[in-house]
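What follows is one structure encoded as C-alpha cells, with my remarks underneath.
The values are calculated or read from the model by the stated rules, or taken from the named source; none is laboratory data. Values in this document were obtained by computation on a predicted structure and should not be read as measured data. Backbone-built Cβ (ideal geometry, glycine too); neighbour counts: all protein chains shown. Only protein heavy atoms, including side chains, enter the accessible area calculation; ligands, DNA and RNA are left aside. Shrake-Rupley method; radii C 1.70, N 1.55, O 1.52, S 1.80 Å.
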Amino acid sequence: MKETVECSLQARRLRDAPKTFSDLPIIDLDDMSAETQRDMKLHVEKEVAKHEKLAHLHDVIAPSLLENADGMFRWVQCQLDRLRNCRTINDVHKVLATFPSRLRQTYDRILSDINENEFDGKIVKSALLWLVGARKPLSQRALVEAVTFDMQDELLPGEEILDICRGLVSYDKTDGGVSLLHFSVKEYLFDEHLRTGAHSSQYHFSSTIAHKHLAKLYNDYSRTFQTTSPQHEMGGVFKSLQVGTLQDYMENFGKDHLSLLQKPRNFRTNQCNPCQHSRRLNLNSIH
C-alpha cells in the first residue's frame, strides 16, 4: 500500500518564493489576519493560564499583547517569556507599560539585561558564536564543554548557561540539543545596527566572524593537546575536554572552519585528528 505524506512549508514573504513554489498551492497569511489573530489569542490565553500570577491579570495581559503584536507570534512569545519572569504584580504592570515595538527592540532589551551582570556577557557571546558557527547541532554537554574551553575556565552547569542565554537559545528535552531560539535571533546578531551599539557591538556576528573564532579555537585545541598532558593545571576539567563531546566535534568538524575561511565556495567536510599537526591559518588577516 502506497503511503502519502502531506507537508506544509511556512515562511516569511521572500522574493523568490512565489516563483520557486509556483506549481504548489500558496496561502498568503496576510489574507488570513482574522485567523492569525484568533490563533494568537488562543496561544496567549493558554500560556497566561499556566501561571497563577499572570492568570489573575488575564483581562489586562491578553488584550495588551494582541493589540501590540502586529501578527508576530515570535514577538508575543518574547513578551510572554518576560512576563513569566516577573516576581510581583508591579513587575507585570511595568512590562505591560514598556512593550518594545518590534523584535529588534525585544532582543536589544534581552542583551541589555544580560549586560547588567558583568560576567554574563562573555558566556553569552561564546555560546552564541558556537551556535551560529557550529557545523552540526550541539548537545547541551557539547555546548558546556565548548564554552568552557573557549573561556579557559571551570565547567558551568548546562542549565546555568541556558538560563543566562534565556530568550536567545532553546533546549530540546527530547534529544538534548541546544539551538538559537528562532531564526530571527540569527538575523538580529548579523544586523548592522549591533556593530555600532555602545553596549552591544560585542554581539555583532557574521558567518565569517563565527568561523574565524571557531577556527582559532580549533588551532588552540590542537596545540593544547599536542603539548599538554591531561594532568594540566585545569585538572579534571581539562581532562574531560580531551575525552568528551568537544573532542568528537574537533576531530570531525574542527578543520571545516579553516576550510570555510580559505575556500568558502568550495567546501567539503574533512575528518581530522586534533592531536595531529595541522597547517595554521593566519586568522588575524581575516576580517
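The table that follows gives values for the structure above.
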| item | result |
| --- | --- |
| In region 180-201, the residues that are part of a helix (DSSP H, G or I) and of a type outside the set (D, E) | F183, S184, V185, K186, Y188, L189, F190, H193, L194, R195, S201 |
| All positions within region 171-196 that are without any contact (Cβ under 8 Å) to a residue 40 or more places away in the chain and closer than 21 Å to N117 by Cβ | Y171, L181, L194 |
| Residue tally, condition open to solvent by less than 10 Å² (accessible area, probe 1.4 Å), within 16 Å of E251 (Cβ to Cβ) and not hydrophobic (A, V, I, L, M, F, W, C), over region 116-152 | 1 |
| Test: residue in region 19-27 that is more than 27 Å from the chain's Cα centre (by Cα) and either modelled with pLDDT of 85 or more or part of a helix (DSSP H, G or I) (or both) | yes |
| Single residue of region 154-202 satisfying the filter (farther than 21 Å from R135 by Cβ and of a type in the set (S, T, N, Q)) that is surrounded by the most Cβ atoms within 10 Å (Cβ to Cβ) | S200 |
| Selection count, region 115-149, where residues are of a type outside the set (S, T, N, Q) and within 24 Å of G197 (Cα to Cα) | 16 |
| Single residue of region 85-112 satisfying the filter (under 16 Å from V185 (Cα atoms), open to solvent by 60 Å² or more (accessible area, probe 1.4 Å) and among the charged types (D, E, K, R)) that is modelled with the lowest pLDDT | R102 |
| Options I123, I209; residue that is farther than 30 Å from K94 by Cα and modelled with pLDDT of 90 or more | I209 |
| Residues (over 14 Å from the mean Cα position of the chain (by Cα) and more than 25 Å from E160 (Cβ to Cβ)) located in region 178-200 | D191, E192, H193, R195, T196, G197, A198 |
| Cβ-Cβ under 6 Å pairs, at least 6 apart or on other chains, region 101-128 side on the phi < 0 side of the Ramachandran plot and of a type in the set (A, V, I, L, M), far side open to solvent by 30 Å² or more (accessible area, probe 1.4 Å) and not in a loop (DSSP other than H, G, I, E, B) | I114/D120 |
| Answer from V147, V60 - the residue that is out of contact with any strand residue (DSSP E or B) (no Cβ under 9 Å at 6 or more places or on another chain) and closer than 20 Å to Y221 by Cβ | V147 |
| Leading residue by the ranking (surrounded by the most Cβ atoms within 10 Å (Cβ to Cβ)) among those in region 43-68 that are charged (D, E, K, R) and under 27 Å from the mean Cα position of the chain (by Cα) | E47 |
| Sole exception among (1) part of a helix (DSSP H, G or I); (2) open to solvent by 80 Å² or more (accessible area, probe 1.4 Å); (3) modelled with pLDDT of 65 or more for D30, by number | (3) |
